[in-house]
Amino acid sequence: MKKMLITLCTLLCLCTACSSQPEKQEEVQHEQPKAEKREVSLTFTGDILIEDPLYFWMSDYQTKDTYSFKNYFDKIKPLLDGDVCIGNQEVPIAGREYGITGINFMFNAPEEIAPQLSKLGFDVLTFANNHSFDRGFVGIEKTIDALNNAGIKTTGAFKEEHHEPLIIEKNGIRIAILAYTYDTNQWIDENHKYAVNKFLNANHEFDEEHQAMIKADVEKAKAVSDVTIAAMHWGTEFTYQISKTQQQAAQFLNDCGVDIIVGNHPHTLQGVDTLTNKEGKETFVMYSLGNLVSSAAAVSRASEQFQNMYEVGGIVHLDVVFDPNTKQVEIKNQKLHAIVNHFTYGYDQYELIPFKDYNEELAAQHYQRACSMYFTYDYLKQNLASLFDGKIDWE
């Protein structure tokens, strides 16, 4: 009996001890809500190359104290939309003090060009090209100041040796924009080597030193951005052929993880492509968008075909989708709008006209028609089709 009482007491104690322990709470894991994908629309244009005949048309013939684009951009202004519009400022804007000119490979624009470009919708103008140093270092200083004061960001040429990547933030997406040129027409003194980004050495080779510089720049940009764009002033003028240097540099930029490459300098449209590296990273490449602004008939350095195509440029629209959860970038809805730089005999009646609105009647009135019987609407359309059919949506 005593043993039974002891046993009952022991069991009672055990039960009491068990009942005094807190009940296990069922663990509930709350998943963090995924951030929504973000999207931004981008617009890219070709070279803004202002040449003498256009200056004469823009200016007051008597006093030449004003330079206005007048109605030149009216028909393509709706194409310069998008959340961010990016072009290449081919000529310095050093102002009247340093001489207004658009000939002899030594260009310079008046001060009022900058605010007019801003009103047209440009957010960023790259300034790494062969004309960047046409007015020396002071030309770079004044160009950057003029554009910045007009509300336009710049990159590719710099007033200071140490600078950060250009970052544009739109719709919650941080966009880094880098810009490089193959060379400059004018020699840059040793004290200002930093003033213009070059991606080739003195022998125009994409050597290991410049590859390392590009790689470091891209890594620095990617560390503070979601999307990386490289604007490349490259290639051979007046040809559709993509040079070996263009191919090499484009593939290197793809390997570095650049998302978009926009090219200029050939003064004609060139093809588009999507490169994919070993890791599966895709880079959308526009090898050349030709001229947005220009003014020359029968360009002496070009064959007849490219004298004609000198008058045709491109504006590309595309959408960038960024996934903040995966950090993946998607480029979609790419579309190229061909445009014609139209002017009549004697360099008059300048208009930029979307190709979809162009026709044979207008082509017959173009000054270039007096230089080439092949400058016809059908000829231009055939060239555009050979470049872009099946590669990008275009009109």
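The values are calculated or read from the model by the stated rules, or taken from the named source; none is laboratory data. Nothing here was measured: the structure is a model prediction, and the numbers come from that model. Neighbour counts run over all protein chains shown; Cβ positions are idealised from the backbone, glycine included. We work out accessible area using only protein heavy atoms, side chains counted, and drop any ligands, DNA or RNA first. Shrake-Rupley method; radii C 1.70, N 1.55, O 1.52, S 1.80 Å.
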With the structure loaded, tell me whether residue 299 is in contact with a helix residue (DSSP H, G or I) (Cβ under 6 Å, 6 or more places away or on another chain) and in contact (Cβ under 8 Å) with a residue 60 or more places away in the chain or whether it fails that test. yes
Looking at the structure I just gave you, is residue 222 in a helix (DSSP H, G or I) and touching a Ser or Thr at 6+ places or on another chain (Cβ under 7 Å)? yes
Can you pull out the residues in region 288-320 that are under 23 Å from residue 389 (Cβ atoms), touching a strand residue (DSSP E or B) at 6+ places or on another chain (Cβ under 7 Å) and either part of a strand (DSSP E or B) or open to solvent by 20 Å² or more (accessible area, probe 1.4 Å) (or both)? 289, 291, 292, 312, 313, 314, 315, 316, 317, 318, 319
Given the conditions (1) open to solvent by less than 20 Å² (accessible area, probe 1.4 Å); (2) within 23 Å of the chain's Cα centre (by Cα), every one holds for residue 281 apart from (1)
Matching residues, region 365-394, being in a loop (DSSP other than H, G, I, E, B), surrounded by fewer than 16 Cβ atoms within 10 Å (Cβ to Cβ) and either without any contact (Cβ under 8 Å) to a residue 12 or more places away in the chain or among the aliphatic types (A, V, I, L, M) (or both): 373, 389, 390
Might you check whether a residue that is acidic (Asp, Glu) and under 23 Å from residue 231 (Cβ atoms) occurs anywhere in region 279-302? yes
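Within region 184-198, restricting attention to residues that are assigned to a loop (DSSP other than H, G, I, E, B) and open to solvent by less than 40 Å² (accessible area, probe 1.4 Å), which residue is nearest to residue 217 (Cα to Cα)?
197
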Go over the candidates 251, 334 one by one and state the one that is open to solvent by 20 Å² or more (accessible area, probe 1.4 Å) and within 23 Å of residue 120 (Cα to Cα). 334
Which of the residues spanning region 268-278 are touching a Phe, Trp or Tyr at 6+ places or on another chain (Cβ under 6 Å) and open to solvent by less than 10 Å² (accessible area, probe 1.4 Å)? 268, 270
Give region 232-248 a look and list any residue that's open to solvent by less than 10 Å² (accessible area, probe 1.4 Å) and either in contact with a His (Cβ under 8 Å, 6 or more places away or on another chain) or in a strand (DSSP E or B) (or both), or say none. 232, 233, 234
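Okay, residues lined up against (1) surrounded by 14 or more Cβ atoms within 10 Å (Cβ to Cβ); (2) closer than 24 Å to residue 266 by Cβ:
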position: 59; (1), (2): yes, no
position: 66; (1), (2): no, no
position: 75; (1), (2): yes, no
position: 82; (1), (2): yes, yes
position: 86; (1), (2): yes, yes
position: 89; (1), (2): yes, yes
position: 99; (1), (2): no, no
position: 102; (1), (2): yes, yes
position: 105; (1), (2): no, yes
